[in-house]
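K.L.:
Just dropping this structure here.
The values are calculated or read from the model by the stated rules, or taken from the named source; none is laboratory data. Owing to the predicted nature of the structure, the values given are computational and were not obtained by experimental measurement. Cβ: placed from backbone, ideal geometry, glycine included. Neighbour counts: every protein chain shown.
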Amino acid sequence: MKKKLFTLLPLLFILIWINTKTAYAQDSSFTYELKEDNTARITESTATGNVTIPSEIDGYVVTEIGNKVFYGKYGIYTIFIPATVTTIGEWDYAFSYCYNLTSITVDEANPAFCSQDGILYTKDKRVLYNFPCEKNVASYRVSATVDHICCTAFASAKYLKELYLDGKNTYWAGYTFYNTGQMTVYYIPGGNSEWTVKNHTENGRSNENNSLFPTYCPLPVTEDGKEQHGSTGNGENDLVNDVLSGDRDNTGNNRPPANEKIKVGKTSLKTLKNQAGRKAKISYKKVDGAKGYEILYSTSKKFAKRSTGKINTKKTAYTIKKLKKGKTYYFKVRAYKLDKKNEKVYGPYSKVKKLSIKK
C-alpha cells in the first residue's frame, strides 16, 4: 500500500502544479497568462514597429490584451487586433501614450471592437477607445453614437487642433485630453457634455488654468435647436456649417443626417422576476418606432465594465440565464432606432431596478 502511495504522489504533485500555474514564459515578443476559461491574456510585449496581436499563442486562443501592455512605448507604429480579442485591459490604458502610433486596425470579424480611420471603437460605436497619438489630422468629429470617450483616448494627440462632438450627451474622463493644449473641443450645450466641461474646468482641466488641457467651446443653439456657426473668415463657412449639421463630411461629400436628429423615446421596466434556475425575467414598455432594445444587467450599481452584461433584442420581454445565486443584480433598458446608415441611435435608459437571485 505504501509503495502505491509513493508512486501516486509525484503524479498528484504534477496535477496540482498544472492546475495552479497561471504565468507563462514569453512566446516570441509576447508574454501571456491563462485565464479561467483556458484562453490567453497578453500581459507584456516587447514588440515594435507594425505590431500584430496574435490570435493564438502556444495553442491557446488570445482573448484579452492586459492593462498597460503597450503603455508609453515609443517604438510602435501600427497595431492590428485579431477577431479573437474581446477584452482590452482597463479601458484604453493598453495603448495610452504610444507617441509614434499612427493607427489601430481590427479584424472585421471581431465581435467586440472595430476601427474607423485607424481609431479604435467598441463594435457598437458607443465607446471611443483610442485616437493614436501620431495620427496626422487637424480636425476630427466624434459621432453622436459615442456616449463615452475613454480615459486617455486623445491624450498627446499632437496634430489635432479641432474636435467636434456631434452628441450633446458624450462624456469623458479627467485625462482624456491630457497634453492637448493646442486643441479646441467644440460641444453642444444642454447635456452631459456641458456638465463634463464644467466639471473639468472647475478642477483646472482647461486652458484657462493649465496649458496641458484643451479649450472648450460651446456651439450656440438657436430656438429651433440647430447649432449656429460663425464665419471661419476664409470662405469655408458653408462647408463648416454643413459638416457640423451632418449634411456633408469634411471633404464636401453629401451624407445622411447626423444621428442626433433621430429621436428615440424612453422605455420603462414593467416586471422583473427571479425564476428557478438562476434566471431573471424582465419586461419593459414598448417604444414607438424602436427597432430593438438594449438590456444592461450588473452586480455593480454603477454598471462597472467587468461585472456588466449586455443583451440586444427586438422583444419587449427577455429571460436572462446563468446568473449567480445569492447575488443582487441591477437592470436598465433603452430602446434604439436605425439611421440611414443602418447604425443604432439610442434613447435614454430606463430607471434602474434591482433583483436578488434567490433560486
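K.L.:
Within region 59-69, track down each residue that is out of contact with any helix residue (DSSP H, G or I) (no Cβ under 9 Å at 6 or more places or on another chain) and either surrounded by 20 or more Cβ atoms within 10 Å (Cβ to Cβ) or assigned to a strand (DSSP E or B) (or both).
P.N.:
The answer is Tyr60, Val61, Val62, Thr63, Glu64.
K.L.:
Taking the condition of being within 22 Å of the chain's Cα centre (by Cα), part of a loop (DSSP other than H, G, I, E, B) and without any contact (Cβ under 8 Å) to a residue 24 or more places away in the chain, how many residues in region 298-329 meet it?
P.N.:
2
K.L.:
May I pose another question? Could you tell me which residue of region 24-58 is surrounded by the fewest Cβ atoms within 10 Å (Cβ to Cβ), considering only residues that are of a type in the set (Gly, Ala, Ser) and modelled with pLDDT of 90 or more?
P.N.:
By that ranking, first place goes to Gly49.
K.L.:
Further, regarding this structure: Pick from Tyr284, Tyr329, Tyr336, Tyr346: which is surrounded by 16 or more Cβ atoms within 10 Å (Cβ to Cβ) and at pLDDT below 90?
P.N.:
Tyr346
K.L.:
Restricting to region 110-154, what's the tally of residues that are part of a strand (DSSP E or B) and free of Cβ contacts under 8 Å to residues at least 40 places away in the same chain?
P.N.:
The number of residues fulfilling the criteria is 15.
K.L.:
A follow-up question, please. Given the criterion farther than 24 Å from Tyr187 by Cβ, assigned by TED's automatic domain parsing to the domain that holds Ile188 and outside any strand (DSSP E or B), identify the matching residue among Ala157, Ala94.
P.N.:
Just one listed residue meets the conditions, Ala94.
K.L.:
Something else: Can you find, within region 184-212, the residue that is farthest from Val137 (Cα to Cα) among those that are of a type in the set (D, E, K, R) and modelled with pLDDT under 75?
P.N.:
Glu202
K.L.:
Under 7 Å between Cβ atoms, which residue pairs at least 6 apart in sequence (or on different chains) link something in region 330-355 that is over 22 Å from Lys279 (Cβ atoms) with a partner that is acidic (Asp, Glu) and at pLDDT below 90?
P.N.:
Note: pairs meeting the criteria are Val345/Asp339.
K.L.:
Of all residues in region 330-359, how many are in contact with a Ser or Thr (Cβ under 6 Å, 6 or more places away or on another chain) and part of a strand (DSSP E or B)?
P.N.:
6
K.L.:
Working carefully through the options Lys314, Lys310, Lys358, find the one that is loosely packed, with under 15 Cβ neighbours inside 10 Å and closer than 25 Å to Gly191 by Cα.
P.N.:
Lys310
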